[in-house]
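Peer 1: Provided herewith is a single structure, encoded as structure tokens, for subsequent inquiry.
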Amino acid sequence: MKRVLLIFFVLLSCLGLSQNTIEGVIKSGNNPVPYAKVILSPTEKGVISDEDGRFSFSNVEKGQYEIKVTSVGFKDFRMTIDVRKDFEPLQIE
């Protein structure tokens with residue numbers, strides 16, 4: 001099975017409101033993973049990464065969420081994140 005997915009998350013505040021944007025890039029090693037399914041639980045919002053492995057969720061309220069990533073040929077990936085105003089960039093391998 002291919003290497004575990006590498007995900008970069010960056011959480012940005014949007015115009016000082018209580019809602020945020022979660023953006024990320026899904027990679028395996030140095031290669032992007034295009035068209036991976038990314039789900040934000042418990043909202044069950046889902047997106048598909050683009051050809052460069054990038055994805056984005058907008059209008060995310062503060063709180064704790066689980067990111068689930070699936071892609072054909074890769075192990076499923078799950079990670080819990082805490083969305084808050086002072087969220088630091090996070091790198092997961």
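Throughout, read-outs are computed from the coordinates displayed, never taken from laboratory work. Predicted model, so just to flag it, every value in this text is computed and none were measured. Cβ placement follows ideal geometry from the backbone for every residue including glycine, while neighbour counts extend to all protein chains displayed.
Peer 1: How far is it, in nm, from the label point at Glu23 to the one at Glu44 when both lie 7 Å from their Cα along the line to the Cβ?
Peer 2: Here the modelled spin labels are 2.9 nm apart.
Peer 1: Quick one: if you stick a label point 7 Å off each Cα along the C-beta vector at Arg84 and Asn31, how many nm between them?
Peer 2: 3.9
Peer 1: Scan around Ala36 for amide H atoms under 5 Å from its own, H built in the peptide plane at 1.01 Å from N, and keep only partners 5 or more places away or cross-chain.
Peer 2: For Ala36, whose amide H was placed from the backbone, the distant partners under 5 Å are Ser49.
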